[in-house]
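Heads up: the structure comes next, in structure tokens.
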Amino acid sequence: MSIEPPAVVIVRDPADAIASSGPADWAAEQLRGALEGAGLDAEIVDISALAPARFCIVVAGAGSPLAQRIASAAGVTLPAEPEALALVPGQLDGQRVLLAAGADERGLVYATLELADRARHSADPLAALDVAVPIVERPANPIRGINRLLVSDVEDLGWFRDREGWRQYLTMIATHRFNRVHLAFGIGHDFLRNVLDAYLLCPYPFLVDVPGYDVRVPGLPDEERTANLDTLRFISDETAARGLHFQLGIWTQAYQWVDSPHANYVVDGLTPDNHAGYCRDAIRAILDACPSIAGVTFRVHGESGVPEGNYDFWRDVFSSIAGCGRPIQLDLHPKGVDRQMIDVGLETGLNVTISPKYTAEHMGLPGHQAEIRPTERDVPGRDGDHFVEGLMNRSAFDLRYTRYGHADFLDEDRPYGVFYRIWPGTQRLLLWGDPALAAGYGRNGSFGGCVGIEVMEPLSFKGRRGSGLPGGRDAYADASLAPEHDWEKYTYTYRLFGRLLYLPQANPEQWRRELAHTFGPAAASVEAALASASRILPLVTSAFHPSAANNRYWPEVFTSMPIFDGGRAHPYRDTLDPKRFGTVSPLDPGLFSRVDDAADEIVTGQTSGKYSPLRVARWLDTLANDAARYRVAARTASTDRDAPAFRRFAIDVSILAGLGRFFASQLRAGVAFALYRRTGEGGRLREALDAYRASRAAWLDVIEHGRAYRDDITVGGEPWLRGHWIDRLPAIDADLADIETEWERAGRPDATAQPQLANLDVVRTDVVCIHTPPATFERGQPVEVSLRAEGSPSPATVRLRYRHLNNAEAYEVADMTRDRADFRATIPGSYTDSPYPLQYLFEIHGEPGQAWLYPGLDDDLANLAYYVIRRA
């Protein structure tokens with residue numbers, strides 16, 4: 001009687017150290033489980049037991065003799081870079097095999113999980129494993145992190161203690177090629193005033209009892225503290241078991257809550273005399289108890305509770321990390337950080353990184369800001385809040401420019417790494433999934449020699465500042481929409497970010513397989529609808545930014561900024577005066593213009609070339625219309641419109657499309673009203689009124705689709721951080737009523753303004769610009785820059801705008817000399833004699849009233865809109 005061979009054998013060589021490692025063992029078991037889940041018999045065997053099978057997968061380290069033998073016969077050079085992988089069809093002893101190879105443990109985990117992912121998402125798993133041509137992939141970014149925040153005892157302790165949930169979550173993270181998991185404690189509050197939820201706020205006494213210190217949390221049982229530490233050990237061990245880096249975030253060191261009579265916990269036993277020593281010994285106790293912790297992130301500015309400039313405190317704390325007996329990555333969240341603070345970290349001899357915010361506390365477009373807002377570069381006067389000023393004595397004043405973006409951290413001789421953290425202020429609740437923007441982030445993670453990106457995941461800050469509510473983080477009013485684990489709604493988001501941070505030019509099949517598995521024949525329309533919808537709020541964030549703080553500006557559930565009367569109540573403090581819609585700065589004022597500035601340009605004819613609010617409105621309308629059109633197509637194609645995944649998609653895309661139309665109409669209303677204020681034309685006032693009424697109609701549509709969510713979607717304690725879209729309607733109506741009253745006062749003018757608002761933003765398409773940036777430059781030597789502008793009529797003038805890659809600086813401007821279609825300028829050697837790379841763009845002026853920037857934004861809005869050249 002013959003024995004049927006297994007459908008698939010997974011072959012390893014026990015002499016291969018990489019293939020025999022713990023993470024590789026785990027990944028091989030994941031592959032076997034995926035195959036068996038697809039109905040295929042699968043076995044893991046040693047090379048010595050290799051026997052005929054329908055399909056043979058060889059799992060091996062890229063440098064092993066077995067891998068080299070298969071790859072050499074196939075004519076493939078296997079990669080040697082860290083975390084690189086290869087999938088190579090070949091032959092072994094006359095048998096057809098597929099080699100899954102990794103340059104190291106992590107690369108092999110990725111290669112193996114790639115096959116498991118293919119098997120899980122295919123109706124024919126053997127066909128999905130049939131790789132026709134070799135695949136070799138290398139990571140674009142050394143750091144590709146996900147940041148999970150514990151901010152609410154009500155909403156977060158459930159997932160924190162859910163061990164099976166962690167196993168599934170971490171497997172998903174590894175599958176999508178993230179390499180770092182950052183679990184952050186102590187970020188539930190900023191300044192420790194009016195504290196309500198203090199659970200793990202000062203994390204140490206919630207995790208460890210430190211000998212020699214009588215520090216405790218009254219009301220916290222010893223057993224619960226021990227269980228918290230056991231949970232942290234479990235999470236870090238499970239992360240390491242998958243070959244990933246586990247980063248512990250300690251964002252608060254303070255132990256006293258100010259004006260906080262309703263705090264659920266306090267910390268006893270700490271004083272100014274023992275504070276630093278306790279923090280030092282507590283972090284050491286945690287590291288000793290959790291050997292899989294590979295790095296620690298500290299918020300080292302004043303919101304940690306330690307005044308900026310207290311170098312001795314941090315030197316003491318860092319010393320225990322340096323002496324823990326294993327290499328630890330020390331990461332500094334750097335607002336208010338100067339070189340002396342960085343040097344305190346470097347004194348440890350550890351691998352030191354700093355992690356600035358990518359686009360304020362939000363998610364904007366992937367191209368790093370061409371310029372930071374004036375409010376970040378200007379040093380404000382003191383406001384008399386001695387509590388805040390004492391803590392933020394650098395970041396509020398002379399180092400204000402370090403709050404958002406790369407600041408002055410990118411000099412070429414830096415002895416530390418820099419990576420970016422994408423904060424969650426733009427979109428926390430609604431689905432997000434745009435391959436173009438995700439790839440743009442992947443390309444720009446290495447900007448200026450940086451080492452990658454960490455993403456604060458969806459639902460970050462849900463329930464923050466003591467606002468947590470029972471009922472689940474997903475916030476659905478309809479329980480049938482809620483997935484088992486809240487993160488499961490966003491698996492497509494994780495997939496895009498992880499895989500496109502790893503390889504920005506990844507094959508679209510890597511994300512389309514999940515869409516096809518989930519949505520069947522509607523998958524292509526779902527992808528297109530979600531891509532368009534997901535571009536809306538990042539564009540709004542970059543072009544219209546009333547506050548860089550995510551705890552004030554939440555464009556997803558926007559609180560109205562008045563167009564008519566800046567005296568009406570609103571939460572936006574860090575914006576230009578007078579604080580009303582027309583004066584709001586873009587997040588990137590180097591590319592986008594304010595509403596009032598756009599109106600001035602229209603009236604004077606003196607154009608800057610920046611993208612006007614009218615251009616942004618046009619883009620938003622296009623994105624919203626495309627999202628809605630593809631959503632309808634998806635519904636038509638779907639075979640299961642009642643499935644929770646499809647309903648979640650349809651609801652969120654509808655809300656996002658409504659938000660796109662709302663902001664587009666608000667921007668038009670703002671420009672029209674600003675023009676009315678400047679010209680007195682009644683037609684402009686009527687345009688403002690019509691646009692505002694259109695924005696209100698769009699908001700009503702958002703409210704209707706938003707009924708799928710609970711009445712209180714809470715990401716903070718203040719009114720503008722909780723509630724529902726319907727709660728924002730009264731402020732919209734009040735502002736609209738002010739404009740209607742002005743229209744009545746002006747005699748209800750109905751005249752049509754000329755030219756109409758829609759025709760005031762002229763898009764120039766008849767000039768083709770050609771520029772090849774220098775590959776590098778020599779420090780102290782001039783840099784020649786040239787631009788060819790072909791077309792008729794050719795530009796009248798071109799200006800070169802350049803500066804060091806340093807957000808603390810303003811641009812230098814040089815008029816370029818002209819020789820027919822060629823324009824030339826020189827960046828002088830005295831300027832290039834700097835440790836920084838150079839960035840530049842062109843300001844091109846054509847016919848009167850026409851100007852534009854080059855290179856500008858591509859159609860997908862995902863590119864860097866200026867050039868960067870680095871030192872040779």
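Structural remarks
- Hits in the range 173-205 (condition: aromatic (F, W, Y), farther than 20 Å from D331 by Cα and crowded, with 21+ Cβ neighbours inside 10 Å): Y199
- Options D642, D626; residue that is open to solvent by 30 Å² or more (accessible area, probe 1.4 Å), at pLDDT 95 or above, not small (G, A, S) and not in a helix (DSSP H, G or I): D642
- Residues that are open to solvent by 40 Å² or more (accessible area, probe 1.4 Å) and either modelled with pLDDT under 95 or not in a loop (DSSP other than H, G, I, E, B) (or both) do occur in the range 578-587, at least one of them.
- Residues that are more than 14 Å from A674 (Cβ to Cβ) and not polar (S, T, N, Q) within the range 566-575 comprise G567, R568, A569, H570, P571, Y572, R573, D574, listed in sequence order.
- From the options T607, T622, T636, residue that is farther than 27 Å from G364 by Cα, among the β-branched types (V, I, T) and out of contact with any Cys (no Cβ under 9 Å at 6 or more places or on another chain): T636
- In the set (1) open to solvent by 10 Å² or more (accessible area, probe 1.4 Å); (2) under 25 Å from L503 (Cβ atoms), the condition left unmet by P52 is number (2).
- Residue match in the range 510-517 (condition: at pLDDT 95 or above and surrounded by fewer than 18 Cβ atoms within 10 Å (Cβ to Cβ)): yes
- Test: residue in the range 559-576 that is under 16 Å from H362 (Cα atoms) and modelled with pLDDT under 95: yes
- Listed by position, the strands (runs of 3 or more DSSP E) enclosed by the range 780-840 that each have at least 2 residues that are closer than 16 Å to P855 by Cα, touching a strand residue (DSSP E or B) at 6+ places or on another chain (Cβ under 6 Å) and open to solvent by 70 Å² or more (accessible area, probe 1.4 Å) are 783-791.
- In the range 469-481, the residues that are under 14 Å from R648 (Cβ atoms) form Cβ pairs under 7 Å with partners that are β-branched (V, I, T) and open to solvent by less than 10 Å² (accessible area, probe 1.4 Å), at six or more places apart or across chains, as follows: A475/I713.
- Wholly within the range 263-364, helices (runs of 4 or more DSSP H) carrying at least 3 residues that are open to solvent by less than 40 Å² (accessible area, probe 1.4 Å) and of a type outside the set (A, V, I, L, M, F, W, C): 275-289
- Every pair of residues 6+ apart whose Cβ atoms lie under 7 Å, when the first sits in the range 643-656 and is closer than 14 Å to A522 by Cα while the second is modelled with pLDDT of 95 or more and β-branched (V, I, T): A645/T518; F649/V526
- Residues that are closer than 30 Å to V195 by Cα and either open to solvent by 10 Å² or more (accessible area, probe 1.4 Å) or hydroxyl-bearing (S, T, Y) (or both), drawn from the range 673-714: Y709, R710, D711, D712, T714
- Criterion violated by A84 - all others in (1) open to solvent by less than 10 Å² (accessible area, probe 1.4 Å); (2) within 38 Å of the chain's Cα centre (by Cα); (3) over 20 Å from L503 (Cα atoms) satisfied: (3)
- Taken over the range 663-683, the criterion of being of a type in the set (D, E, K, R) and over 33 Å from the mean Cα position of the chain (by Cα) is satisfied by R677, R678, E681.
- For the range 101-147, the tally of residues that are open to solvent by 10 Å² or more (accessible area, probe 1.4 Å) and under 30 Å from G425 (Cα atoms) stands at 4.
- Residue among R824, R820, R870, R803 that is modelled with pLDDT under 95 and more than 19 Å from T607 (Cβ to Cβ): R820
- The residue pairs whose first member lies in the range 732-752 and is open to solvent by less than 70 Å² (accessible area, probe 1.4 Å), whose second member is in a helix (DSSP H, G or I) and polar (S, T, N, Q), and whose beta carbons are closer than 8 Å, counting only pairs six or more residues apart or on different chains, are I732/S695.
- Identity of the residue in the range 456-469, open to solvent by 10 Å² or more (accessible area, probe 1.4 Å) and touching a helix residue (DSSP H, G or I) at 6+ places or on another chain (Cβ under 6 Å), that ends up nearest to T353 (Cα to Cα): P458
- Only one entry in R394, R421, R443, R428 is in contact with a Ser or Thr (Cβ under 9 Å, 6 or more places away or on another chain), in contact (Cβ under 8 Å) with a residue 12 or more places away in the chain and not in a loop (DSSP other than H, G, I, E, B), namely R421.
The values are calculated or read from the model by the stated rules, or taken from the named source; none is laboratory data. Computed from a predicted structure; not experimentally measured. Positions of Cβ are generated from backbone atoms using ideal geometry, with glycine treated the same way; all protein chains shown enter the neighbour counts. With ligands, DNA and RNA removed, areas are computed over all heavy atoms of the protein, side chains included. Shrake-Rupley method; radii C 1.70, N 1.55, O 1.52, S 1.80 Å.
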